[in-house]
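Worksheet: one structure, shown below.
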Amino acid sequence: QVSLVESGGGLVQAGGSLRLSCAASGRAFSSYAVGWFRQAPGKEREFVAAINQSGSTYYADSVKGRFTISRDNAKNTLYLQMNSLKPEDPAVYHCAARSSVFIVTTLRYDYWGQGTQVTVSS
């Protein structure tokens, strides 16, 4: 069992940056592949980025080159550095964990956080 709590969301101007954090508690965080998803009002939840246990990463095309996912297993924390934020990036951002070595871009994750709101002003 893993509990995930996101933080770091807020209001930022277009072109600005935010860093999201996801604190994990429970079973060894290092044994999970973890990722970030986002959901805007009226839209389906969509994949943003993921990182597996060995540090391999994968990004959605819409954020590639702007967002960076990383993890600190010693701190049981997942991060998402978001740069050059655009008007299409606002959403509730959720972190998720799955008991597998494989990164997937679908919603097939075992544990989810409640999310943190990101708002971008133009």
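The values are calculated or read from the model by the stated rules, or taken from the named source; none is laboratory data. Everything numeric here is computed off the predicted structure, so don't read it as measured data. Here Cβ is always computed from backbone atoms with ideal geometry, including for glycine, and neighbour counts include all displayed protein chains. Only protein heavy atoms, including side chains, enter the accessible area calculation; ligands, DNA and RNA are left aside. Shrake-Rupley method; radii C 1.70, N 1.55, O 1.52, S 1.80 Å.
Laid out as a table, the results:
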read-out: In segment 20-55, residue least open to solvent (accessible area, probe 1.4 Å) [restricted to those that are of a type in the set (S, T, Y) and at pLDDT below 95]; value: Y32
read-out: Leading residue by the ranking (surrounded by the most Cβ atoms within 10 Å (Cβ to Cβ)) among those in segment 3-19 that are within 16 Å of H94 (Cβ to Cβ) and among the aliphatic types (A, V, I, L, M); value: L4
read-out: Matching residues, segment 106-116, being within 12 Å of the chain's Cα centre (by Cα) and either polar (S, T, N, Q) or assigned to a strand (DSSP E or B) (or both); value: W112, Q114, T116
read-out: Residues satisfying the stated conditions in segment 75-117, i.e. hydrophobic (A, V, I, L, M, F, W, C), at pLDDT 95 or above and either open to solvent by 20 Å² or more (accessible area, probe 1.4 Å) or over 15 Å from V5 (Cα atoms) (or both); value: M82, L85, A91, V92, W112
